[in-house]
Every structure is written in structure tokens, then in C-alpha cells.
Amino acid sequence: MKLQRRSLLAGATASLAAFAPNAWAQGYPTKPITVVVPFAAGGPTDALARVLCQKMSEHLGQQLVVENIGGAGGTIGVNKVAKANSDGYTLLFTHMGTLAVNIALYKSLPYDSQKDLEPIGLGGTNPMVLVTKKDLPAKTFQEFQAYVKANQKKVQYGMAGIGAASHLGGLMLNSMMKVEVLEIPYKGTGPALNDLVSGQFDYMVDQAVNVLPQINSGNIKALGVSTLKRLPQLPDVPTIDEAGLKGYEVTIWNGLFGPKGMAKEQIAKVNEALGKTLADAAVSKRLTELAVDLPSKEEATPEALRKQLTASIDKWVPAVKAAGVKPE
Ligand code: ASP
């Protein structure tokens, strides 16, 4: 009799334990979810996040609300999520610059991207384009290189802060061209692009998703792409590698993360909504037109994103150090 009671109780505890984590996910989400973008509105990270969040909101039955927290190359926004409640209602959409590249560029970061965040899923990879103001006196990459070399004291390039994707693109370019030029930091390349269009600085290396519309409108010039193959969207623009900087190759992945400790069931639910969104014909057409490479099913898991982050740290930290940029 005693034994029976004990096993009944044990059974009750076991089923409660089995039920508890699922209960988190069953109701989840019951209210809007904040998605922090650590750059200003109107830039590439913001644009991608908004396209994905709009569709994901439909799949999750709750609004995913983008909150832009720009500054310090994205570290302020990332840190906010790294320290946030892990109840599943604060997420982060960011790129590899803020999680991998900047490890080589700051003496100390307020977060550890591998320990303080839970990967949820990859949100697309984007090539970069070297763009200049319209009236820069260079029509080709070779002319650009000669112009920058000859005018190092006055040439200025724009970027979204230390460790931003545009910083990585620019610093690798400048280091391979062996030039030192003045850096103009912004809270995101959305506002930087506006200033490039109005000719307030000379050039920038930024994601295609941001610069393609302005290139197509003739408001800025594209002189090179950051991939080893030309982009179908810009067939006449050479790769920077073929134009003379052998080995120049930078592409930027973006991903969705939660704070450490977010429940596995919630991660799975958000990942499923992200997967459905990336498989949506209208979303994939829109992003493909903007040169965003969407992940395959295998590349879209939380585990694959964790591996991607580790691989990027292993690749970019030594590469940036070798480029000779001193950490701030
Ligand atoms: N593309 C920017 C960067 O350079 C960030 C942004 O504004 O989305 O990292």
C-alpha cells in the first residue's frame, strides 16, 4: 500500500515535470515580442528584420515589434538583449559583426556572444558593395584605388561604428589597399547612406540590401562587390577580388537570438515561424531580389547558427588582427 502511494506520487511529479516546459511553449507567445535591432532604422539589419518580423508575427499570432537601439557598432543593443529577461519576449536580430568580428576590435566587450545568447535561426546572408558618392572622380575600382591613395588626408569613409559590418568591409578594403583614411561613424548605415547620397563623405562598403536601390536610381556609384562571383543584380560591377585586391571576400550573415536561458520550446516555436517565413514565396522573392541568400533547411536550425557563430569568430578574429587594426 505504502509502495503504491509512493509510486503514485512519483508518477505525479514526473508528469508535472514533463508538462512544465511544454506549458511555456503551449501558450507562447501570449503578448507582443520585442526584437532589438542594434542599428538605426532604415539600414540593412533593420530592413531584413522588418521583412521577417512582419511575416513571423502572422505565424506566431502575436506582433514582433522591432526596437532600434543603435550606437557603439551595435554593442549597446546586443548588450541589452544579453542582459534581458529570458522569458522569450525580448529577442535580438543582428549580424556577425556585432557577435564575432568585434571580439577583435574591442579591448573588452560587455557580453560574450557565445555564452550570453541562445541562437534561434539564421536570417539570411548578404554580400557587400563598395559604393561611392556620385561625383567622386573615379569611374572604376582601379581609378578609385589610385584616387584614395593620392588623397589619404582628405578622403573619408562611412561605417556604422567599431565592429559593424561596414567597418569590417571598409577596414579589410583599406588594409588591402594600404591606405589610412578618416572614418565617419554612424548609428547605422541607413543614416550613413543618406549622407553618402548627399555627398557628405566619399565611400562606404555596405550590404547590398541597403545600397542596391540607390545604385539603381543613380544616386551613388557601385565600383566593386565583396563576393568572389559577380552579383546577378549588378552584372557590370566587378568583384573587388578581380579588380585587383586578390582574396578580398566579405559576406554578412544575420541571425535571430534570445537571451541565455530562453526555454528550448520557445526557441523551437520562434525557429519554426522563421522557417515558414523564409519559405514564403513572396518573402523569398523580395529578399532574393535584394541579393539576400536564404538559408537551407539544414542551415536554419539553432544548432547550425551556433556553429556559424563559432566559425565566424574563428575566421574573422585572426583576420582582423592580421589587418593590423588596434582594439579600442
Ligand atoms: N549595415 C550596418 C553595418 O555596417 C548596420 C545597419 O545599419 O544595419 O553593420
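The values are calculated or read from the model by the stated rules, or taken from the named source; none is laboratory data. Note that the coordinates shown come from a computational prediction; the quantities given were computed from them, not determined experimentally. Cβ coordinates were reconstructed from backbone atoms using ideal geometry, including for glycine residues, and neighbour counts include every protein chain displayed. SASA here: full protein model, heavy atoms, side chains in, ligands and nucleic acids out. Shrake-Rupley method; radii C 1.70, N 1.55, O 1.52, S 1.80 Å.
Here the contact order of the chain, divided by its residue count and restricted to Cα pairs under 8 Å and six or more residues apart, works out to 27 percent.
The angle separating the long axis of helix 165-177 from the principal Cα axis of greatest extent in the chain is about 40 degrees. Computed from the C-beta positions of GLU183 and LYS115 and an R0 of 30 Å, the FRET efficiency is 0.50 to the nearest 0.05. For the chain, a Gaussian network of Cα nodes joined below 10 Å ranks ILE252, ILE120, ILE184 by mean-square fluctuation, and the top entry is ILE184.
Helix-only arithmetic for the chain: the sum of -39500 (n - 2.57) across DSSP H runs with n ≥ 4, divided by the residue total, places the mean residue ellipticity at 222 nm at -14000 deg cm²/dmol. Residues whose amide H lies under 5 Å from that of ILE120, counting only those 5 or more places away or on a different chain, are LEU256, PHE257, GLY258; hydrogens are built 1.01 Å from N in the peptide plane.
Projected label points at LYS149 and LYS107, each 7 Å from Cα along the beta carbon direction, are separated by 3.5 nanometres. 3J(HN,Hα) along segment 288-300: 5, 4, 9, 6, 7, 8, 8, x, 6, 4, 5, 7, 9 Hz, from the Karplus curve 6.51 cos²θ - 1.76 cosθ + 1.60 with θ = phi - 60°, whole Hz, x for Gly and Pro. With the simple model of a label 7 Å out from the Cα in the direction of the Cβ, ALA268 to SER86 spans 1.7 nm. In this simple spin-label model, placing a label point 7 Å from the Cα along the Cα-to-Cβ direction at both ARG50 and ALA322 gives a separation of 3.8 nm. Scalar couplings 3J(HN,Hα) for segment 233-238, obtained by applying the Karplus form with A = 6.51, B = -1.76, C = 1.60 to θ = phi - 60°, are 6, 9, x, 8, 8, x Hz; x denotes Gly and Pro. Phi angles across segment 132-146 convert, under the Karplus curve 6.51 cos²θ - 1.76 cosθ + 1.60 with θ = phi - 60°, into 3J(HN,Hα) values of 10, 5, 4, 9, 5, x, 8, 9, 10, 4, 5, 5, 4, 4, 5 Hz, Gly and Pro given as x.
Surface analysis of the chain yields an accessible area of 45 Å² per residue, using protein heavy atoms and a 1.4 Å probe.
Ignoring the sites themselves, the chain has its longest run without trypsin sites (Lys or Arg not before Pro) in a DSSP loop having at most 12 other Cβ atoms within 10 Å at 1-106.
For the chain, the antiparallel share of DSSP beta bridges with both residues in that region comes to about 65%. Taking amide H atoms as placed 1.01 Å from N in the peptide plane, the amide H of ILE33 lies under 5 Å from those of GLN63, LEU64, VAL65, each 5 or more residues away in sequence or on another chain. The amide H of ASN68, built 1.01 Å from its N in the peptide plane, has VAL37 as neighbours under 5 Å, considering only residues 5 or more places off or on other chains.
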